[in-house]
Amino acid sequence: MTISTRKRALAALVATGVALSLAGCGAAPEETEGEGAGAGPVDSDFLPCLISDAGGWNDKSFNQSAKEGMDAAAEELGIEPLEFESANDNDYAPNLETAVSEGCSFIVSVGFKLSAATVESALANPEINYAIIDDWADNDFDGETDAPNIKPLVFDTAQAAYLGGYASAAWSAQSGVNKVGTFGGMQIPSVAVFMDGFQLGVEKYNEDKSGAVEVFGWDAATQKGSFTGGFDANDTAKQTAQGVLDQGVDVILPVGGPVYQSAAAAIRDSGKDTLLIGVDSDLAVADSSVADLTLVSIMKAIDVAVQDATIAAAEGEFDAAPYVGTLENEGVKLSGFGDFEAELPEGLTDELATLQEQIISGDITVESENSP
């Protein structure tokens, strides 16, 4: 089954508001008031747990954002979560097993790499509620999440990346370079969706301004481009970044958690004025060491999604209907331009605001085959 077919089936699930029942057997749990401000009636035995992928909690990206969301929920609820940091891919299944044995009642897995292990755990433990970030947990590609007690937390990042691509093209056109680039970690939908939106935004700039900005490192039509094969900041990632930089780009979008560090190192080694586009979090804020290189960031509100899902589960309101972050619900957005605000092309921020309104209204449809 193709990705597009899977998307249609899941979109129908969202549209009809289907919520899969996760009620376990036995008596209803005792409810008490949560200690944190704003918490509703909370199961006294509620224990939320979070499992990172191999990038770890300090990736300045989606693992860190998920942890911030879990910590915020735990503070609001007045409880202590359990958080398991995975050192490598072999830790996923054991960490899930430990979470179950420790009595976790809501388990959040960070990233598609945990998908298979999360499905296995959820099927074996139907009384436990699960959520997974950036994945449908649909490993047989039949258009349905593989376990009825898993809530996908996914993001239509192409919408925000469209704005980032437009801004990057405007910056490069102003400099006279007219070349931007991108590369990814692993070629998966949650990575490629950034690259699709980025290219489409550049094309929109060229259409509106009669521009000639080129994109290197990705071709949305063929779905082929530059990838490191993982999410580690290593020599391979630096070489991949360098291959895109060698095309003469003056803006580069590295998609894949810590791989931005390798791109930053390659930029500094080059001595050129190339700028980065951050992903997931506001990179200039998350890592001040690259603030001087970060033009803007394409953000996902992973922290908010995790916080909201955790609180809902604590209050007995968990459901498995997928959450899809968009510009309209502020699940995805563009950050500010930080140190580069005063250097932007005249009128760019107004143009971006108009584009955002047009995407939200449906006047512009950002079509990526990797969108949820």
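Where does each of L276, L123 land when they are ordered by accessible area, with a 1.4 Å probe and the largest first? Can you show the working numbers first?
Values: L276 0, L123 105 Å².
Output order, biggest surface exposure first: L123, L276.
Using a 1.4 angstrom probe, figure out how much accessible area region 186-226 has per residue, in square angstrom, rounded to the nearest whole.
Working: 1750 Å² over 41 residues.
Accessible surface, normalised per residue, equals 43 Å².
Taking amide hydrogens as modeled 1.01 Å from N in the peptide plane, which residues meet the under 5 Å criterion relative to K151, leaving out close sequence neighbours?
Y130, A131, I132
Could you size up the charge dipole of region 150-249 around its Cα centre, putting +1 on the beta carbon of Lys and Arg and -1 on that of Asp and Glu, and report it in debye to the nearest 20? Write down the numbers at each step before the final one.
Numbers: 6 positive and 10 negative charges, 23 e Å.
Dipole magnitude for region 150-249 comes out near 120 debye.
Find how many whole Å separate the alpha carbon centroid of region 327-350 from the alpha carbon centroid of region 180-199.
Comparing the Cα centres of region 180-199 and region 327-350, I get a distance of 20 Å.
Within region 80-170, report the chymotrypsin sites (Phe, Trp or Tyr not before Pro) that DSSP leaves as loop and that have at most 16 other Cβ atoms within 10 Å. Working shown, then result.
Numbers: sites: F84, Y92, F106, F112, Y130, W136, F141, F155, Y162, Y166; in loops: W136, F141.
Those that pass, being in a loop and sparsely packed, are F141.
Using unit Cβ charges (K, R positive; D, E negative) and no other charged atoms, how large, in debye to the nearest 20, is the dipole of region 123-162 about its Cα centre?
Taking the Cα centre of region 123-162 as origin, the dipole is about 200 debye.
Go ahead and run the numbers for FRET between D142 and D208, Cβ-Cβ distance against an R0 of 41 Å, rounding to 0.05.
Details: r = 41 Å, r/R0 = 0.99.
Computed FRET efficiency for D142 and D208: 0.50.
With unit charges on the beta carbons (Lys and Arg positive, Asp and Glu negative) and the dipole taken about the Cα centre of the chain, which residue among T118, L200, T222 sits farthest to the positive side?
The residue sitting most towards the positive pole is T222.
Given a 1.4 Å probe and heavy atoms of the protein chains only, how would you sort K67, K209, largest accessible area at the top?
Details: K67 55, K209 95 Å².
Largest accessible area first, the residues go K209, K67.
Can you tally the lysine pairs in the chain where the Cα-Cα distance is under 16 Å and the two residues are eight or more apart, or on different chains?
Count of close lysine pairs: 9.
Could you work out how far apart the two model spin labels at E330 and M186 are, taking each label as a point 7 Å from the Cα in the direction of the beta carbon, and quote it in nm?
Distance between the two pseudo-spin positions: 3.2 nm.
Provide the gained length on full extension for the span A353 to T222, in nm with one decimal, where the gain is 0.36 nm per separating residue minus the Cα-Cα distance.
On the way: separation 131, 0.36 × 131 = 47.16 nm, distance 2.99 nm.
Using 0.36 nm per residue and subtracting the Cα-Cα distance, I get 44.2 nm.
Run through region 51-121 and list the GluC sites (Glu not before Pro) located in a DSSP loop whose Cβ has at most 12 other Cβ atoms within 10 Å.
Values: sites: E68, E75, E76, E83, E85, E97, E102, E120; in loops: E85, E102.
Hits after loop and neighbour filter: E102.
So how far apart, in nm, are the two label points at S288 and S270 if each is 7 Å from Cα heading toward Cβ?
Those two pseudo-labels are separated by 2.7 nm.
Between A93 and L123, what length in nm is gained on full extension when 0.36 nm per residue of separation is reduced by their alpha carbon distance? Walk me through the numbers before you get to the answer.
Details: separation 30, 0.36 × 30 = 10.80 nm, distance 1.32 nm.
Using 0.36 nm per residue and subtracting the Cα-Cα distance, I get 9.5 nm.
Could you tell me which of M70, L293, I150 has its Cα farthest along the dipole of the chain towards the positive end, charges placed at Cβ (Lys, Arg +1; Asp, Glu -1), taken about the Cα centre?
L293
Which one is right for this structure if P(r) over Cα pairs in 10 Å bins from 0, in percent is calculated from it: (1) 5, 25, 32, 23, 11, 3, 0; (2) 5, 23, 33, 27, 11, 2, 0; (3) 5, 20, 23, 17, 13, 10, 8, 4, 1, 0?
(1)
The values are calculated or read from the model by the stated rules, or taken from the named source; none is laboratory data. Just so we're clear, the structure is a prediction, and the values are computed from it rather than from any experiment. Neighbour counts run over all protein chains shown; Cβ positions are idealised from the backbone, glycine included. Side chains included, ligands, DNA and RNA excluded: accessible areas come from the protein's heavy atoms. Shrake-Rupley method; radii C 1.70, N 1.55, O 1.52, S 1.80 Å.
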